[in-house]
Amino acid sequence: MTLMTEREQAQLTYRDQTFALPVLEGSEGEVAIDIGKLRRDTGLITLDPGFVNTGSCSSAITFIDGEKGILRYRGYPIEDLAEHSSFLEVAWLLLFGELPSTEELEAFDEDITRHSMLHEDFKRLFAAFPKDAHPMPTLASALGALSTFYEEPRSEKQIRQGIVRLIAKMPTMAAYAYKHSIGQPTIYPRNDLGYASNFLHMMFATPCEEYEVDPVVARALDLLLILHADHEQNCSTSTVRLVGSSQAHLFASIAAGVLALWGPLHGGANQKVIEMLEDIAAGGGSAKEFLEKAKSKDDTTRLMGFGHRVYKSYDPRAKILKQACQDVLSRMGGNSQLLDIAMELESITLEDDYFISRKLYPNVDFYSGVIYKAIGIPVPMFTVMFALGRLPGWIAQWLEMRNSPEFRIGRPRQVYIGATERRLS
Ligand code: ACO
């Protein structure tokens, strides 16, 4: 990894004094003012609620150009990876920086396959949750619990094994969480199935009946996992880095990422999108009426699956997913009503000044739910699917942080606005 290069200096003038701040440049021309010594030299800190302008690290994993709608993992365009790669291949790329050779991929696949079973005692953990528990906190709890079964990975070899365990066991935990919620017995993984197919088998087979994996469904799921695999310093990834920066257990850092992803402004939006589309359908399908509510300042309704902190043009993942929705629905012969409503919403927004002026376009969550629904994934599991996809990205970011010469515990500052000193007597 090449570090940022120093380009020039920025001048900050404050109370008649001028301070020089280094300006650093990344490999795609992004420039950043380095304020690492600002407080030491000037007594000032910067204030940036929501981290709108704050870079928390330099990273060589994922590049996004939000103005142009570009997303690349390790330099490879998302469109190429979506068309030519498998999820495990992309996971390797994110984790280790290069695409795997055929032998490396086979060995990785085999390793993942051989570690997918959970300790039998795990079943008791799932049994302790209420039946109507959302699977996201159940999954996060299971990940936390995984750190009690395996000691903290410290050496390179242990970390490698920890990574394999996480990627191998997360689909099993996710499927166990679902099976518990519907009162069915858990289904063991099968070593003769690929990653996506095995997950579908654990979700939908029962002890009474095998589940025939449809290759169209398995490929659609693999594509979804690829598209969600990393997205640089978003809310959940920053959470993984922040928790990991205290040198907490890898599995605990990932559990924290799952919980951050759950929120409706982040990964939880995919569930909210489908609920929104279903509500519109149930109310007679008026997309226009719904959009008026989403635009109104007096209404908290938002058009879920729209808008993004970084993308100020069409999210490239949404473009791929829109096409995939059409393909999956036409090949599986599913009901296209929700897709029709989604496309109608989108086409109205493209002509509407509210959305145009704010640069609000479909994000990854806008079309993903329609595919999940078409391939039979239950709605409460949508955000869990996002977490399965994001897992290699979280781990890659955790690894990069751990190995970085910039590594320090994450500890933002604040501007205190509370009471000044007061005494009790
Ligand atoms: N519907 C209606 N208006 C919106 C929407 C939306 N989905 N998104 C943003 N706006 C409006 C805001 O009201 C605001 O308008 P104003 O300037 O008149 O006050 C303006 O656009 C800017 O919005 P912010 O909330 O300031 O933008 P921010 O970058 O903080 O938030 C976010 C981005 C959270 C994604 C936002 O667009 C949103 O809530 N979208 C809906 C939820 C969603 O789809 N989340 C998934 C994001 S992708 C991901 O995390 C995987």
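The values are calculated or read from the model by the stated rules, or taken from the named source; none is laboratory data. Since the structure is predicted, the reported quantities are computational estimates derived from the model, not experimental observations. Positions of Cβ are backbone-derived with ideal geometry, glycine not excepted, and every protein chain shown enters the neighbour counts. To get the accessible areas, we keep the full protein, side chains included, count just its heavy atoms, and leave off ligands, DNA and RNA. Shrake-Rupley method; radii C 1.70, N 1.55, O 1.52, S 1.80 Å.
Can you find, within the range 263-301, the residue that is nearest to the ligand (Cβ to nearest atom) among those that are in contact with a Leu (Cβ under 9 Å, 6 or more places away or on another chain) and not in a helix (DSSP H, G or I)?
267
For residue 374, which of the numbered conditions (1) modelled with pLDDT of 95 or more; (2) open to solvent by 10 Å² or more (accessible area, probe 1.4 Å); (3) under 23 Å from the mean Cα position of the chain (by Cα) fails to hold?
(1) is the only condition that residue 374 fails.
What about residue 367, is it touching a residue at least 12 places away in the same chain (Cβ under 8 Å) and more than 12 Å from the ligand (Cβ to nearest atom)?
Details: touching a residue at least 12 places away in the same chain (Cβ under 8 Å): yes; more than 12 Å from the ligand (Cβ to nearest atom): no.
No, not satisfied.
Restricting to the range 334-351, give me the number of residues that are open to solvent by 40 Å² or more (accessible area, probe 1.4 Å) and either under 21 Å from residue 227 (Cα atoms) or touching a strand residue (DSSP E or B) at 6+ places or on another chain (Cβ under 7 Å) (or both).
Summing the residues that are open to solvent by 40 Å² or more (accessible area, probe 1.4 Å) and either under 21 Å from residue 227 (Cα atoms) or touching a strand residue (DSSP E or B) at 6+ places or on another chain (Cβ under 7 Å) (or both) in the range 334-351 gives 1.
Which residue out of 331, 358 is at pLDDT below 95, open to solvent by 10 Å² or more (accessible area, probe 1.4 Å) and out of contact with any Leu (no Cβ under 9 Å at 6 or more places or on another chain)?
On the way: 358 fails: at pLDDT below 95.
The conditions single out 331.
Does the range 126-144 hold any residues that are within 20 Å of residue 167 (Cα to Cα) and open to solvent by 30 Å² or more (accessible area, probe 1.4 Å), and which are they?
The answer is 137, 141.
Just to be sure before I move on: is residue 72 free of Cβ contacts under 8 Å to residues at least 40 places away in the same chain and part of a helix (DSSP H, G or I) in the structure I sent?
Criteria not met by residue 72.
Please determine, by comparing only the residues of the range 108-125 that are at pLDDT 95 or above and of a type in the set (A, V, I, L, M), which one is most open to solvent (accessible area, probe 1.4 Å).
Looking at residues that are at pLDDT 95 or above and of a type in the set (A, V, I, L, M), I get 117.
List the helices (runs of 4 or more DSSP H) inside the range 311-425, counting only whole elements, that have at least 3 residues being of a type outside the set (Val, Ile, Thr) and within 30 Å of residue 175 (Cα to Cα).
Of the helices (runs of 4 or more DSSP H) lying wholly inside the range 311-425, those with at least 3 residues that are of a type outside the set (Val, Ile, Thr) and within 30 Å of residue 175 (Cα to Cα) span 316-332, 337-349, 364-374, 382-403.
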